[in-house]
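Engineer: I have a structure here, written as structure tokens, and I will follow up with some questions on it.
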Amino acid sequence: MRRALVVLAVLIGQILAGQGLFTGPAQARQEATGRVALIGVSGLHWNDLTQADTPNLWELARSSAIGSLSVRTVGGVTCPYDGWLTVSAGTRSAAGYWCGAPPTPEQRGAGAVIPDYRYLTDVAGQRNAGTLGESLKAAGQCSIAIGPGAALALADRQGAVQRYHPSPLQVGTADLQQCRMIAMDVDDLVLPYLTGGKLPKVPDALGPAERRDALRMADAKAGALLSVLPADTTVLLAGLSDHGSVPHLRVAALREPGAQGHLLGAASTHREDISILPDLTATVLTKLGVPVPSTVIGVPLQVGGAGATFQQLQRADATAQAIRSIKGIYFTAVAVLQVLFYLIAFLLLRRRKGLAPVRFAAVALAALPVSSYLVNLLPWSSLPQLVAGVLGWAAVVTGVAFAGPWRRRPLGPLAVVAGLTALTLAGDLLTGTTLQLNSVMGYSADVGARYYGLGNIPFALLATGTLLATTVIAHRWPGKVGLAAIVVLGAFAMVLGGSGMGSDFGGVIAFVPGIAVTALILAGKRVSLVKLGAFLVAGGVIVMTFAWINYLKPADEQTHLGRFVGQVLTGEAFDVILRKLQAMLATLLSPNLMPIVIAAAAFLVYAIMRPEQASAGVVPAAFEHSPALRAGLIGTLVSGVVGMLVNDSGAAVLSMALALAVPLLLSTGIGVLRRDREEQVAGSVSDLTPATK
């Protein structure tokens with residue numbers, strides 16, 4: 001046990017060191033020179049850029065580093081007002097209500113004032129509004145805004161804009177040379193979509209021909225500015241908002257020496273080809289040599305590897321849209337299959353019939369979650385290929401579970417499916433989470449909730465897979481060896497999730513009591529509410545330690561764990577917690593998630609309370625065969641319930657934990673009954689065989 005803990009400590013140290021958590025202070029940034037122009041074309045995505053229809057934007061992107069921009073702010077979709085406001089604040093922001101275009105500035109001499117600007121701070125609660133403009137003013141940097149959105153982005157905390165022009169036709173090269181910061185709002189593409197000045201509630205309000213006409217107007221306006229920009233200008237092109245009710249990945253491009261043909265990403269997403277809106281704020285300030293305020297959650301854009309193409313980024317959005325189109329259907333199908341499985345299993349097991357088919361169905365059902373990640377090992381590019389890939393991997397996992405000599409052991413299929421689930425997700429964390437991105441049980445960049453690390457549903461599956469797989473080890477080697485396996489491997493998985501690799505906050509809080517309860521039950525110790533509360537506190541202390549270590553890193557290396565510490569210090573954490581609480585409560589009414597929880601929990605409780613009536617004694621048989629499995633299941637339930645309460649995914653955490661654990665529990669119990677029946681038959685045959693002399 002002591003040796004195992006030493007090994008665990010070494011592994012934890014290597015993981016933390018690998019994430020740079022113990023590195024020294026960052027090198028001082030060099031003083032920036034030159035000029036920066038931010039061109040925001042709301043609604044622009046990569047399918048829009050063609051040499052024929054948008055020659056100016058096409059040429060700008062062709063000579064730049066290019067990537068996908070996730071424009072998610074606070075709501076599900078982002079209007080132009082919220083997009084420009086987020087650039088102003090450097091953190092995800094929203095004007096409130098059902099928004100559309102930013103307000104038109106009131107001209108004041110060479111500058112302008114945003115009307116009713118106090119509304120943003122006093123009513124909408126956007127106290128970070130004006131961060132970009134205020135930072136530029138404090139540093140003595142002159143700025144020019146062209147168009148309403150640009151004025152909003154460059155306004156100071158009083159809503160004042162230093163220099164303002166409604167159109168690029170009103171400025172020339174000499175005018176632009178007077179300031180080092182230029183921003184222009186190209187709203188010609190998105191304005192035709194707005195209904196009553198608001199973002200429409202349909203995916204695409206314009207037809208292809210109408211959109212093409214709007215694109216040509218936007219390209220002409222962008223070309224007017226590009227033609228008069230001074231030669232030393234670094235140009236940022238951003239598709240700052242959505243154009244309808246469905247979010248998309250938008251255009252991000254950076255033109256500067258040496259950037260052409262490279263990918264464009266940011267440390268904020270841990271992706272070489274994806275960035276977020278607040279990254280634009282940090283990039284502008286860094287390029288101008290202005291200190292970035294601590295409230296800015298974005299980091300400077302990074303030029304990545306060579307070989308970037310428009311087609312590559314078009315496929316990225318198409319992949320995200322394919323996941324979006326099937327995600328609801330997938331979870332509905334999983335919920336229906338789970339409920340049907342418990343109903344059919346209840347009817348068959350009461351009559352002690354169909355043990356083999358029920359066991360096969362249980363293992364196949366439990367193989368679906370891990371298959372939703374393994375499919376990303378295949379080069380799928382369409383919805384049919386995605387569906388076929390998931391089903392194919394589920395068949396492979398199920399086949400492996402019943403293929404080897406372990407199939408004769410009651411715990412064999414459980415060990416295969418739970419072990420593969422845990423190993424797949426752990427391996428994904430160690431290799432950059434390429435399997436979770438754009439997966440039906442993971443996350444997609446267009447949604448903007450997460451871009452790397454361990455998602456909430458993957459956490460539920462990692463915790464469940466780890467606890468069940470380690471209880472198989474404890475069953476095979478009871479005593480100190482089995483106990484050490486649960487503690488060491490469970491803690492290792494927890495560190496993967498809570499370190500910079502997983503960047504999972506609520507998961508660590510939930511994982512600690514799950515591991516501890518499993519270990520205590522195996523050790524024959526009593527679990528009390530006081531102990532459970534202590535484990536929850538321990539989980540909170542551990543995750544805050546991860547977060548504090550991450551907070552001590554430079555801002556451009558922090559994950560959302562470290563940024564949360566900063567939000568605690570600035571008083572913004574309460575708003576974050578409130579949003580997560582509201583999201584968690586909303587999942588309790590989900591028609592795709594709660595049926596899984598209700599059906600699995602009802603079957604499990606009834607099977608334990610009325611074993612012979614409900615399941616032919618399957619669940620008690622499994623627990624009698626393996627007390628370690630009982631401990632692991634209780635630990636899984638503890639992690640699932642706590643995870644549901646502390647994560648914004650809420651019921652999704654518990655439902656996926658049950659979707660994996662309960663079918664595997666039933667497969668084990670059926671395996672025990674079938675083994676006992678075969679032994680009884682073999683014994684009867686032996687009794688009837690005459691003895692030979």
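The values are calculated or read from the model by the stated rules, or taken from the named source; none is laboratory data. Here the structure is a predicted model, which means the values were calculated and not measured. Positions of Cβ are backbone-derived with ideal geometry, glycine not excepted, and every protein chain shown enters the neighbour counts. Accessible surface is based on the protein model in full, side chains and every heavy atom, while ligands, DNA and RNA are left aside. Shrake-Rupley method; radii C 1.70, N 1.55, O 1.52, S 1.80 Å.
Engineer: Starting from the Kirkwood radius over alpha-carbon pairs of segment 63-213, derive D by Stokes-Einstein at 10 °C in a medium of 1.306 mPa s and give it in µm² s⁻¹.
Structural biologist: Taking Rh from Cα pairs, D becomes 98 µm²/s.
Engineer: Here's a follow-up. Ordering Y164, Y551 by how much accessible area each has at a 1.4 Å probe, largest first, what is the list?
Structural biologist: Largest to smallest exposure gives the sequence Y551, Y164.
Engineer: Could you compute how much accessible surface T50 exposes when probed at 1.4 Å, giving the result in Å² to the nearest 10?
Structural biologist: T50 exposes around 50 Å² with every protein chain in place.
Engineer: Oh, and also: Rounded to the nearest 0.05, what FRET efficiency do Y97 and S325 give with R0 = 22 Å and r taken as the Cβ-Cβ distance? Could you check?
Structural biologist: The computed FRET efficiency comes out at 0.20.
Engineer: Let me ask you something else. Using a Förster radius of 56 Å, what is the FRET efficiency between A220 and A538 based on their Cβ-Cβ separation? Nearest 0.05, please.
Structural biologist: 0.35
Engineer: If I model a spin label as a point 7 Å beyond the Cα along the Cα-Cβ vector, how far apart are those points for T104 and A52 in nm?
Structural biologist: Here the answer is 3.6 nm between the modelled labels.
Engineer: Amide H of V235: which non-local residues (sequence gap of 5 or more, or other chain) have their own amide H closer than 5 Å, using H built in the peptide plane?
Structural biologist: For V235, whose amide H was placed from the backbone, the distant partners under 5 Å are A37, R255.
Engineer: Which length gain, in nm to one decimal place, applies between V481 and A403 when the Cα-Cα distance is subtracted from 0.36 nm times their residue separation?
Structural biologist: Using 0.36 nm per residue and subtracting the Cα-Cα distance, I get 25.3 nm.
Engineer: For segment 215-356, build the charge dipole from Cβ charges (+1 Lys, Arg; -1 Asp, Glu) around the Cα centre, then report which of S245, V228, T286 sits farthest towards its positive end.
Structural biologist: Checking the options against the dipole of segment 215-356, the answer is S245.
Engineer: Could I ask something else about it? Got a number for carbon plus sulfur as a percent of segment 374-428's accessible area, 1.4 Å probe?
Structural biologist: The computed percentage sits at 73.
Engineer: OK, next. For K480, list the lysines whose Cα falls under 17 Å from its own Cα; do not include residues on the same chain fewer than 8 positions away.
Structural biologist: K525
Engineer: Hey, another quick one. Whole-Hz Karplus ³J(HN,Hα) for segment 538-545, in order, using 6.51 cos²θ - 1.76 cosθ + 1.60 and θ = phi - 60°, x for Gly and Pro?
Structural biologist: Running phi through 6.51 cos²θ - 1.76 cosθ + 1.60 with θ = phi - 60° gives 4, x, x, 5, 5, 5, 5, 5 Hz.
Engineer: Let me ask another. Can you run phi through the Karplus equation (6.51, -1.76, 1.60; θ = phi - 60°) for segment 254-269 and list ³J(HN,Hα) in whole Hz, with x for Gly and Pro?
Structural biologist: Karplus values, whole Hz, x for Gly and Pro: 10, 9, 7, x, x, 8, 4, x, 9, 6, 10, x, 7, 5, 5, 9.
Engineer: Taking a label point 7 Å from the Cα of V246 along the Cα→Cβ vector, which residues of segment 52-73 have an amide N closer than 18 Å to it?
Structural biologist: Residues passing the 18 Å test: 69-72.
Engineer: Hey, another quick one. With every protein chain in place, what's the accessible area of Y117 (1.4 Å probe, Å², nearest 10)?
Structural biologist: Rounded to the nearest 10, the figure is 10 Å².
Engineer: Would you mind computing, in nm to one decimal, how far apart the modelled labels at V396 and D213 are, each placed 7 Å from Cα along Cα→Cβ?
Structural biologist: It works out to 5.1 nm between the two label points.
Engineer: Using a 1.4 Å probe on the protein heavy atoms only, what accessible surface does K201 show? Give it in Å² to the nearest 10.
Structural biologist: K201 has an accessible surface of roughly 150 Å² with all protein chains in place.
Engineer: Right, next: Using 0.36 nm times the number of residues separating L552 and S294, minus their current alpha carbon distance, what extension gain do you get?
Structural biologist: 91.7 nm
Engineer: Efficiency by 1/(1 + (r/R0)^6): what FRET value for A306 and Q170, r their Cβ-Cβ distance, R0 = 35 Å, to the nearest 0.05?
Structural biologist: 0.35
Engineer: On the Cα set of segment 100-182, report Rg and Dmax in Å, please.
Structural biologist: For segment 100-182, the Cα radius of gyration and maximum Cα-Cα distance read 12.4, 40 Å.
Engineer: How large is ³J(HN,Hα) for each residue in segment 419-435, as worked out from phi by the Karplus curve 6.51 cos²θ - 1.76 cosθ + 1.60 (θ = phi - 60°), to whole Hz, x for Gly and Pro?
Structural biologist: For segment 419-435, the Karplus-derived couplings read x, 5, 4, 5, 5, 4, 6, 5, x, 5, 5, 6, 10, x, 6, 7, 7 Hz, x marking Gly and Pro.
Engineer: Here's a follow-up. Just grab the label-to-label distance for V228 and L378, each label 7 Å out from Cα along the Cβ direction, in nm (one decimal).
Structural biologist: If labels sit at V228 and L378, their model points lie 5.6 nm apart.
Engineer: Using 0.36 nm times the number of residues separating T545 and Q385, minus their current alpha carbon distance, what extension gain do you get?
Structural biologist: 53.3 nm
Engineer: Charges at C-beta only: +1 for Lys and Arg, -1 for Asp and Glu. How large is the resulting dipole of segment 257-378 about its Cα centre, in Debye rounded to 20?
Structural biologist: 1000
Engineer: Also: Return the lysines within reach of K287: Cα separation strictly under 18 angstrom, same-chain partners fewer than 8 residues apart disregarded; answer none if there are no such residues.
Structural biologist: Here the lysines satisfying the reach criterion relative to K287 are K137.
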